[in-house]
Amino acid sequence: MAMKLTPSGFVVTEGVRGGALLAFPDSVLRGIGQVLLQDNSYAGLLFLLGIFVNSPLFGMAALLGAVASTATAMLLGARRELLRAGMFGFNGVLVAIALLYFLTPNPLTWGCVVLAAAASSVLMAALLELFRGWRLPVLTAPFVLTALCFFLATARFGRLQSTQLLPTAGLPSAATVEGVVDAGTLWEGTLNGVAQIFFQQNPLSGGLFLLGLLLGSRPACLLALGGALAGLLVGWGMGAAEPALRAGGYGFNSALVAVALGGVFFARSGAAMAYAGLAAMLAAFVHAALSAALEPLGMPAMTSSFVLVTWLCVLAGRGFARLRAAPG
Amino acid sequence: MAMKLTPSGFVVTEGVRGGALLAFPDSVLRGIGQVLLQDNSYAGLLFLLGIFVNSPLFGMAALLGAVASTATAMLLGARRELLRAGMFGFNGVLVAIALLYFLTPNPLTWGCVVLAAAASSVLMAALLELFRGWRLPVLTAPFVLTALCFFLATARFGRLQSTQLLPTAGLPSAATVEGVVDAGTLWEGTLNGVAQIFFQQNPLSGGLFLLGLLLGSRPACLLALGGALAGLLVGWGMGAAEPALRAGGYGFNSALVAVALGGVFFARSGAAMAYAGLAAMLAAFVHAALSAALEPLGMPAMTSSFVLVTWLCVLAGRGFARLRAAPG
Amino acid sequence: MAMKLTPSGFVVTEGVRGGALLAFPDSVLRGIGQVLLQDNSYAGLLFLLGIFVNSPLFGMAALLGAVASTATAMLLGARRELLRAGMFGFNGVLVAIALLYFLTPNPLTWGCVVLAAAASSVLMAALLELFRGWRLPVLTAPFVLTALCFFLATARFGRLQSTQLLPTAGLPSAATVEGVVDAGTLWEGTLNGVAQIFFQQNPLSGGLFLLGLLLGSRPACLLALGGALAGLLVGWGMGAAEPALRAGGYGFNSALVAVALGGVFFARSGAAMAYAGLAAMLAAFVHAALSAALEPLGMPAMTSSFVLVTWLCVLAGRGFARLRAAPG
């Protein structure tokens, strides 16, 4: 099944399989697939498998997040075609994993996961309306904003406990080159870059995500791989810390940018590929910048650079004659 | 007199009482009323009384702010129906109180109050134009932005002196549960939550503001009370510091959100009430987050979470079939 | 040749001189002219001379930045009339100077200059599209955002070395009045204020920039001078540090605001002049605020206050009957 995501983020899903009974689980799986811009429940299933392989806890969280955000949108009466395409699921998936990654898993945190997933659906609807005039996709902005809100609140709410994975607040200072990059950094860093799209640091998970992409769209698989590598190489060339490179820290945003610009929002052409490549490289700079900008708050940048770079490049593309928007 | 504020923030005030002579003072009082979204000069008068009861200084500031911002808009030639509805007054009221709350009262500060109130009217006109396509209300965004500008400038301008009420800049860190919540926290915190809408920490002021709301619209009064309580309960449940809860710190944004969503921007229905309730709860999280986000700058979050949550929920509501916008 | 910049930032350049061969260098010089909103290659030439007089390094950077950003936009197929008017050059000029001002000049930095200038053209196209509905000019926002991105990245990229001119990250604290303002502060500060538009701290450069403005438009020259003085006086009155005043730190944003509002975006009138004057004064407050807000990141505010104040005042002007937009 080909991707049906249109440049506007409005999806027309003709010929969706399954009757009324299977509609909800199918929407939930598509929600997981949409994290990598795939309106495809089989891709979603493989992504879920890739998460479970690394951590059953995150697998459960992903499922709960997709269910809670999709169900909230359904209860509020969101448009059926958006629901069916998983458009109200992917931000819930990421919010849920992020909350369990950065907050101590206890009953209150699980309650917050449900609340945050619900909030991400409200935010999704708000941004769909806000961006309608520009035909701009919402991407994972609701996830980033909702997660930041809950993480920041830990500084006021004594019962919301963060794990040690949340960065400590500090003032940014000049970096020095740390560690030595070897062949292992390159292949592990690239696969981890794909895996980090779902907060997983595990080359096997990255491989399963690529397999899921292959089901959705062959070019998307190559673009994700190339994007993750491009981000890694920029980070290496500019002197980023080796542990961050190996963990995939400079890969996930570039991978998402490459898939979005090279495979979804522009018609395939040499110019579009060059543009996607330039954007994937810039995303590594923007990620470095945003992660430094959030340092005084002790907050992770997550997919903020993917979102910003893709928005800007989609908008800019309309002013450039060499690029054509993908057919609706 | 029923509320005439339309979802777009454009107000049609048919049958406004008073001739040309009384038009200006009436506009000023409506400006005070609009802080709580009431286009009603009697409500404005009671709000002003509620401020004077707690502090004549703030009462004078509120009056000066309303006059200066309304007069600026008049001199520049703003639309008469907006002026008459107090739309160029409410941000001036809040800016003036905020500047005298956080800056040492001296002649330079009073000069800044007039300048800031004038600037808030320019900002109001700018945001009305910016948001026109979305039919989105401006709310108290001009107040928050203008006040932040003047408070931040104290770090560069040696003659602009802050009081000790302005938070000290610091890096956010994990909170612990502080103090014990008792019945006094609950009733005092709820009334203070309403009072804090005008920066007053005094249950009597809160009571007078509720009385003013009662004049404007009975449901608005109940919604403000319920919203302030909801914010307080969320803060309590999540482990916010007891002194902050008692002072009404988690109440004022939730109270405003409840009034805006439950009473002004959506047609009354069970779904709208549930939506307003959810939003009032989320506003407590967003307030905690924004207040932590502003900690490295030593800045107060003021009504920023009311503004953001209301904007997002108004936008999102259009995508949800269960909610209907209030009739224009 | 009169200014052709329309309020929308879309420029119609009828009767542009020079054949196809001269088109590119002419576009590049207009790009330098557009930093001060002049669609005029002679003005651009004088601005370039003013930079070379102070520093050949920055002169080369300005030229490279204009060439790289204009060429990128050309390769991507940007609209010819925008290219010819220098609209894809001025942000590249400023980004290039800024990068060499705040980063150690080495081969990697020069590579970053080209990449950043290219990125500024993508950002320009994106913002042109984003602001089209509002007919809002993009101004130097792409410069500010691109430069901040590269400066912030120094905290993650060990091979990107900053000079000692980049502020150290710190927490903002209350200022005290520093130094004594004398006549020298006033005239030097005013000329430096104009010179700082291109990051030059040299009264002679400021004088040459004013001469260039005189070629483009006589009122623009007076407005720049008056704006720089107004910003300086506000800073002095509010107690800003004398060295910052003398260096032109409170002048450049106010000068740009005065030129933009008094000479470009509104039809000339007494009300427009008063409005531009009020805005130039407010720009000094906004600059103080933004420079404090960026202190925890150790980032310079650059022309961010010019951009914000001009956007808001252009938008607000449409709601005020006393002001009329300049004829397209």
Residue match in the range C:161-184 (condition: within 11 Å of chain A (Cβ to nearest Cβ) and among the charged types (D, E, K, R)): no
Matching entry among B:G237, B:G251, B:G231, B:G226 (being in contact with a Lys or Arg (Cβ under 9 Å, 6 or more places away or on another chain) and closer than 25 Å to A:A118 by Cα): B:G237
Any hit, the range C:145-154, residues being under 16 Å from the mean Cα position of the chain (by Cα) and of a type in the set (G, A, S): yes
Restricting the range A:130-168 to residues that are at pLDDT 95 or above and touching a Gly at 6+ places or on another chain (Cβ under 6 Å), the residue that is most open to solvent (accessible area, probe 1.4 Å): A:R159
Matching residues, the range A:213-259, being in a loop (DSSP other than H, G, I, E, B), touching a Gly at 6+ places or on another chain (Cβ under 6 Å) and under 14 Å from A:I197 (Cα atoms): A:G248, A:Y250, A:G251
Failed item in (1) away from every other protein chain (no Cβ under 12 Å); (2) touching a residue at least 60 places away in the same chain (Cβ under 8 Å); (3) not acidic (D, E), with C:G262 passing the rest: (2)
Residue within the range C:277-298 that is outside any helix (DSSP H, G or I), aliphatic (A, V, I, L, M) and within 22 Å of C:G212 (Cα to Cα) present: no
Test: A:A289 is more than 22 Å from A:P219 (Cβ to Cβ) and either touching a residue at least 60 places away in the same chain (Cβ under 8 Å) or among the aliphatic types (A, V, I, L, M) (or both): yes
Helices (runs of 4 or more DSSP H) contained in the range B:15-123 and holding at least 1 residues open to solvent by less than 10 Å² (accessible area, probe 1.4 Å), more than 14 Å from every other protein chain (Cβ to nearest Cβ) and in contact with an Asp or Glu (Cβ under 8 Å, 6 or more places away or on another chain): B:20-33
Single unsatisfied condition, C:L191 versus (1) over 17 Å from C:V53 (Cα atoms); (2) open to solvent by 10 Å² or more (accessible area, probe 1.4 Å); (3) without any contact (Cβ under 8 Å) to a residue 60 or more places away in the chain: (1)
Long-range neighbours under 9 Å by Cβ, at least six apart or interchain, first residue more than 10 Å from chain C (Cβ to nearest Cβ) and hydroxyl-bearing (S, T, Y) within the range B:124-142, second buried (at least 23 other Cβ atoms within 10 Å of the Cβ) and outside any helix (DSSP H, G or I): B:T140/B:M302; B:T140/B:T303
All positions within the range C:199-212 that are in contact (Cβ under 8 Å) with a residue 40 or more places away in the chain, part of a helix (DSSP H, G or I) and open to solvent by 10 Å² or more (accessible area, probe 1.4 Å): C:L204, C:G207, C:L208, C:L211
The range C:216-267, residues that are within 16 Å of the chain's Cα centre (by Cα), surrounded by fewer than 24 Cβ atoms within 10 Å (Cβ to Cβ) and at positive phi: none
Answer from C:G270, C:G319 - the residue that is farther than 17 Å from B:L145 by Cα, within 8 Å of chain B (Cβ to nearest Cβ) and open to solvent by 20 Å² or more (accessible area, probe 1.4 Å): C:G319
Those residues of the range B:288-313 which are at the interface with chain A (Cβ under 8 Å from one of its Cβ atoms) and under 22 Å from the mean Cα position of the chain (by Cα), in sequence order: B:A288, B:A289, B:L290, B:S291, B:A292, B:A293, B:E295, B:W311, B:L312, B:C313
Qualifying residue in the range A:303-313 (condition: surrounded by fewer than 24 Cβ atoms within 10 Å (Cβ to Cβ) and not in a helix (DSSP H, G or I)): no
Condition met for A:Q196 (open to solvent by 20 Å² or more (accessible area, probe 1.4 Å), modelled with pLDDT under 95 and within 27 Å of the chain's Cα centre (by Cα)): no
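The values are calculated or read from the model by the stated rules, or taken from the named source; none is laboratory data. Nothing here was measured: the structure is a model prediction, and the numbers come from that model. Cβ atoms come from the backbone with ideal geometry, glycine included; neighbour counts cover every protein chain shown. Keep in mind that these areas ignore ligands, DNA and RNA; they rest on the heavy atoms of the full protein, side chains included. Shrake-Rupley method; radii C 1.70, N 1.55, O 1.52, S 1.80 Å.
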